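Notes follow once the structure below has been shown.
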Amino acid sequence: MSDRPDGLRERKKQRTRSEISAATLALISERGLAEVRVEDICDAAEIGRSTFFRYFDSKESAFVQGVHARRIESVTAELVQRPADEPPFEALRQAALTMASQWRSFRDDMVLEARLRSESATVRAWAAESSERWMAEIAAALAPRVDDDIERAAVIAAAFIGTIQIAYGIWIEAGAAKDPSPTLHRCFAVLRDL
């Protein structure tokens, strides 16, 4: 019975975090990074400054969370849903391809993040930190497929994240106008051959 309030509290925290990051992403998409202040985000999310800083260190960290949150949730949820006897690499590949099928819903966010990473050392740093979180979450979701060998799961997750980053980098450089799945297939084929 005592677990229930903590679970509710955690869900409320996650919801608040998501609302702040979504408001940040929307404002920066509309106005640009330099034109958005923490106060603007607080107004949009209907929170106070202290609440913002309880969840995020900066507008850049909230922006990166806004870009990445849905995609990491999508990949880990898909990975958990994959057949239990499916090999780890194939399960990750299929999860990535499922996410890629939704490319139109995240295209603009990814293109904006790539541009801001090239312009802002702070966004670059937060994106790198976010990649580390991706690796940890994917490794945790992958662990049951590798007999809970967390080191093996972490190495596979790191290779996966690196491959995803390269594939989406190529896709964005090419204009991000078409389905990224063919690029992902080629990059995963290279990883598989290794």
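The values are calculated or read from the model by the stated rules, or taken from the named source; none is laboratory data. Note that the structure is a prediction, hence the values are computed from the model and not measured. FYI the Cβ positions are ideal-geometry reconstructions off the backbone, even for glycines, and counts take in every protein chain you see.
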### Task
Within region 48-65, identify whether any single residue is surrounded by fewer than 17 Cβ atoms within 10 Å (Cβ to Cβ), closer than 20 Å to Leu112 by Cα and at pLDDT 90 or above, and answer yes or no.
yes
### Query
When you go through (1) without any contact (Cβ under 8 Å) to a residue 60 or more places away in the chain; (2) within 15 Å of the chain's Cα centre (by Cα); (3) over 23 Å from Phe188 (Cβ atoms) one by one for Arg115, which number turns out not to apply?
(2)
### Arg71 vs. criteria buried (at least 16 other Cβ atoms within 10 Å of the Cβ) and either in contact with a strand residue (DSSP E or B) (Cβ under 6 Å, 6 or more places away or on another chain) or assigned to a helix (DSSP H, G or I) (or both)
yes
### Message
When the residues of region 74-93 are narrowed to those that are in contact (Cβ under 8 Å) with a residue 12 or more places away in the chain and assigned to a loop (DSSP other than H, G, I, E, B), which ends up farthest from Thr163 (Cα to Cα)?
### Response
Ala84
### Query
If you check Ala96 against the conditions, is it assigned to a helix (DSSP H, G or I) and closer than 30 Å to Val36 by Cβ?
no
### Task
Name the one entry in Phe56, Phe52 that is over 24 Å from Ile172 (Cα atoms), hydrophobic (A, V, I, L, M, F, W, C) and in contact with a Ser or Thr (Cβ under 8 Å, 6 or more places away or on another chain).
Phe56
### Query
Tally time: how many residues in region 166-194 are charged (D, E, K, R), in a helix (DSSP H, G or I) and over 16 Å from Glu90 (Cβ atoms)?
2
### Message
Please verify whether Arg133 is in a helix (DSSP H, G or I), among the basic types (Lys, Arg), in contact with a helix residue (DSSP H, G or I) (Cβ under 8 Å, 6 or more places away or on another chain) and within 28 Å of Ala176 (Cβ to Cβ), treating the condition exactly as stated.
### Response
yes
#### Entry: Count - residues of region 1-47 that are modelled with pLDDT of 90 or more, among the aliphatic types (A, V, I, L, M) and outside any helix (DSSP H, G or I)
2
### Where a residue in region 177-194 is closer than 20 Å to Asp109 by Cα and its partner, wherever it lies, is assigned to a helix (DSSP H, G or I) and modelled with pLDDT of 95 or more, with Cβ under 7 Å and at least six apart
Pro180/Ala167; Pro180/Tyr168; Pro180/Trp171; Thr183/Ala167; Thr183/Ile170; Thr183/Trp171; Leu184/Ala167
### Answer from Thr16, Thr98, Thr51 - the residue that is closer than 30 Å to Ile150 by Cα, without any contact (Cβ under 8 Å) to a residue 40 or more places away in the chain and among the β-branched types (Val, Ile, Thr)
Thr98
### Task
Answer yes or no as to whether Ile138 is over 14 Å from the mean Cα position of the chain (by Cα), surrounded by 15 or more Cβ atoms within 10 Å (Cβ to Cβ) and not aromatic (Phe, Trp, Tyr).
no
### Task
Residue by residue through region 21-35, note down the ones that are more than 17 Å from Trp126 (Cα to Cα), of a type outside the set (Gly, Ala, Ser) and surrounded by fewer than 22 Cβ atoms within 10 Å (Cβ to Cβ).
Glu30, Arg31, Glu35
### Message
Scan region 74-83 and tell me whether some residue there is among the small types (Gly, Ala, Ser) and within 30 Å of Ala153 (Cα to Cα).
### Response
yes
